[in-house]
Amino acid sequence: MGRDSQLKLYGQVADQLKEAHSRVRALQVPDGVRMALNRKLLVVTATAKHDLPGAARRLDRLMKDLDEGRFPEGD
């Protein structure tokens, strides 16, 4: 992946992560579900440090799940 395309992907992932955090924060769900979603966001953030395309894929799946109302089970 070229440097320019990687910078563009980094910006897209960063913007989408901000949106995902806002959406999770606004959800009316039990605390356990919110914690599970926050853990998923932390995994995406950690993945972005060493596998940016993989983080983008994970984040896309998470956003699709949020769009479709599919949430992980809480603890």
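The values are calculated or read from the model by the stated rules, or taken from the named source; none is laboratory data. What you see is a predicted model; the values in this text were computed from it and never measured. Quick note on the areas: whole protein, heavy atoms, side chains included, nothing else; ligands and nucleic acids left out. Shrake-Rupley method; radii C 1.70, N 1.55, O 1.52, S 1.80 Å.
Tabulated data
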| read-out | value |
| --- | --- |
| Within the chain, helix-based [θ] at 222 nm, where runs of 4 or more DSSP H residues each add -39,500 (n - 2.57), nearest 500 | -26500 deg cm²/dmol |
| Pairs of alpha carbons in the stretch 21-61 whose separation is greater than 17 Å (percent) | 33 |
| Ellipsoid equivalent to the chain - semi-axes via the Cα gyration tensor, in Å | 25, 11, 10 |
| Helix 3-26 axis, angle to the chain major axis (alpha carbon atoms, nearest 10°) | 10 |
| Spatially proximal aspartates and glutamates relative to Lys18 (Cα-Cα < 17 Å; intrachain offsets below 8 disregarded) | Asp60, Asp65, Asp67 |
| Per residue accessible area of the chain, 1.4 Å probe, in Å² | 70 |
